[in-house]
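Below: one structure, written as structure tokens.
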Amino acid sequence: MMKRFLILMLTAILFVGCSSPKEETANDSEGKEAEATEDAEDTEEEGGIEVEKGLFNVEITLPTSLFGEEELAEIEAEMGEEVSDITQNDDGSYTVKMTKKEHKELLAEMKDDLTNMITEVAEDEEFASIHDITYNDDFTKINMVVDQEMFENSFDGFVTLSLGVSSLFYQVFNGKDIEKEKVTISLEDAETKEVFS
């Protein structure tokens, strides 16, 4: 399914983008001419992924800076089977245009995937220090109940990175400006009920 492929592919690429200290590519945005569309209401951009919400459609632009040539070819082939309106731009980026309904379905699927990931982490015995994870509807607030001593002396803290990046990724595709809105992950000690981080 194209939506699942897109989510998994971009999540993996987003992790790579976060781990490599690349300089912000200001030229990517400077080189583009702004086009006013009749149905454009707002545009949010973060990390080079651009989401433009119109009255009837949503456009998601995926820049070349996040992909290799082979990955772009795979994405084009995969998305081309299910999305008729996919365009490669002059700068090599791809713009996928979908209906509001399709965008809503994409967000719902992303939400389901994130919810399932949180449930699996909370129930996984490998993360012994994590007792419970709760979150609000848009994943901007996540609370992890943990055994503090065990948590601080294990690698379970990497879970916060996965949750944080996945939550930010959801915000980006929802058209949010994550420079203004942030994801807060609180760590609560299971014994004292106090938030320690």
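The values are calculated or read from the model by the stated rules, or taken from the named source; none is laboratory data. Please read all numbers here as calculations on a predicted model, not as lab measurements. Cβ placement follows ideal geometry from the backbone for every residue including glycine, while neighbour counts extend to all protein chains displayed. Keep in mind that these areas ignore ligands, DNA and RNA; they rest on the heavy atoms of the full protein, side chains included. Shrake-Rupley method; radii C 1.70, N 1.55, O 1.52, S 1.80 Å.
Determine, yes or no, whether Thr160 is in contact with a Lys or Arg (Cβ under 6 Å, 6 or more places away or on another chain) and either at pLDDT 90 or above or acidic (Asp, Glu) (or both). So Thr160 does not fit the description; no.
Only residues that are in contact with a strand residue (DSSP E or B) (Cβ under 7 Å, 6 or more places away or on another chain) and among the hydrophobic types (A, V, I, L, M, F, W, C) were counted in segment 152-182, giving 5. In segment 146-164, the residues that are in contact (Cβ under 8 Å) with a residue 12 or more places away in the chain and charged (D, E, K, R) form Cβ pairs under 8 Å with partners that are in a helix (DSSP H, G or I) and open to solvent by 50 Å² or more (accessible area, probe 1.4 Å), at six or more places apart or across chains, as follows: Asp156/Met150. Considering segment 138-149, and only residues there that are within 16 Å of Ser167 (Cα to Cα) and charged (D, E, K, R), the residue that is most open to solvent (accessible area, probe 1.4 Å) turns out to be Lys141. I need the full set of residues from segment 168-179 which are under 16 Å from Lys53 (Cβ atoms) and charged (D, E, K, R), in order please. Within segment 168-179, Lys176, Asp177 qualify. Within segment 150-197, the residues that satisfy the criterion of being hydroxyl-bearing (Ser, Thr, Tyr), over 22 Å from the mean Cα position of the chain (by Cα) and open to solvent by 60 Å² or more (accessible area, probe 1.4 Å) are Thr192, Ser197. Go through segment 113-137 and give me each residue that's open to solvent by less than 40 Å² (accessible area, probe 1.4 Å) and without any contact (Cβ under 8 Å) to a residue 40 or more places away in the chain. Those that are open to solvent by less than 40 Å² (accessible area, probe 1.4 Å) and without any contact (Cβ under 8 Å) to a residue 40 or more places away in the chain: Thr115, Ala122, Ser129, Ile130, Ile133.
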